[in-house]
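Inspection log for the structure reproduced underneath, given as structure tokens.
Derivation of every value follows stated rules applied to the coordinates shown; laboratory data play no part. From a predicted model like this one, the values you see are computed outputs, not experimental measurements. Quick reminder, even Gly has a Cβ in these numbers, built from the backbone with ideal geometry, and neighbours come from all protein chains shown.
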Amino acid sequence: MTDQRERVREAYDDLAETHFAERSEEPAEASLLDEVRDRIAAGARVLDAGCGQGTPVASGLTPIHDVIGLDFSIEQLGLAADVVPRADLVRGDMTDLGFDDDAFEAVCAYHSIIHVPVPDHAAVIGEFARVLRPGGVLLLSSGGTDWAGSHPDWLDSGVEMAWSFPDPEETREMIVDAGFDVLDWWIVTDRLGHDEDGEVLDPDDPDAYEGGDPVGKPFFLAERR
Ligand SMILES: C[S@@+](CC[C@H](N)C(=O)[O-])C[C@H]1O[C@@H](n2cnc3c(N)ncnc32)[C@H](O)[C@@H]1O
């Protein structure tokens, strides 16, 4: 595991409760799950990659679908076990998924690839393509601007957190190159996001959000060819 991934895993272990308390319920994120629901059958297997505390993906899909939540932070998985007891939870790394080819009908990855170093993003998206059956659906969020960096005291937790993402066009190209057709994409407000210079926003500073999130996060909907 690279240094950044190890640091991110340890950081989520240290600030899981704080992140959960600050994680906002963005209505757009929850409603985008309808795009997945509309394309898969009841009972279909869905991977929530970087599931964190289990919201909004695993919690939103488990009533009808067979959701496997994957995360490398044991503390995040502990929260998810309380929030979505019906989901299967697995400890693992998105860059090297321990699942068979064609194992899932859908993969959702909300705000997780943004922590993986950019040189590994293509490998992560390639893993999502591998574990999806042809015709399967990917719903993935990435970064709204080309940026890599860290915050030494994210969410006033005393814990350093790191991010790394390319601009949305580069992410779209990686998705296509991995074997997907991009069906649609949207920009969604991220209250725990970054401004146009990559600076981490303060979720308690209303001025940071005046007029809405200055950048937002792109969410891509794609179908495995
Ligand atoms: C910002 S949280 C998002 C959690 C949840 N998906 C949500 O929307 O709130 C990012 C999650 O991705 C996980 N994560 C980051 N990199 C990962 C990797 N390489 N493999 C597995 N999990 C990873 C972190 O542990 C963390 O739980």
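Provide SER112, SER24, SER157 in ascending order of the number of other Cβ atoms located within 10 Å of each residue's Cβ, fewest first.
Values: SER112 22, SER24 11, SER157 17.
By the 10 Å Cβ count, ascending, the order reads SER24, SER157, SER112.
Which one, TYR12, GLY43, THR55, projects farthest toward the positive side of the charge dipole computed for segment 3-224 from Cβ point charges (K/R +1, D/E -1)? Checked the options; the winner is GLY43. Normalising the average separation of contacting C-alpha pairs (under 8 angstrom, six or more residues apart) by the number of residues puts the relative contact order of segment 3-224 at 19 percent. In segment 3-224, taking the dipole from charged Cβ atoms about the Cα centre, the farthest positive-side position among ILE125, PRO168, GLY216 is held by ILE125. Classify segment 1-109 from the C-alpha gyration tensor, please: rounded if a/c falls under 1.5, else prolate or oblate depending on whether a/b exceeds b/c. Verdict is oblate for segment 1-109. Computed about the Cα centre, the dipole magnitude for segment 3-224 is approximately 1100 debye when only Lys and Arg (+1) and Asp and Glu (-1) carry charge, each at its Cβ.
Per DSSP H run of at least 4 residues, take -39500 (n - 2.57); add these up for the chain, divide by its residues and hand me the 222 nm value, nearest 500 deg cm²/dmol.
Estimated from H runs of four or more residues: -9000 deg cm²/dmol.
Charge dipole (Cα centre; +1 on Lys/Arg Cβ, -1 on Asp/Glu Cβ; no other charges) of segment 1-134 amounts to roughly 280 debye. Its convex hull of Cα atoms gives segment 3-224 a direction-averaged projected area, equal to a quarter of the hull surface, of 10.7 nm².
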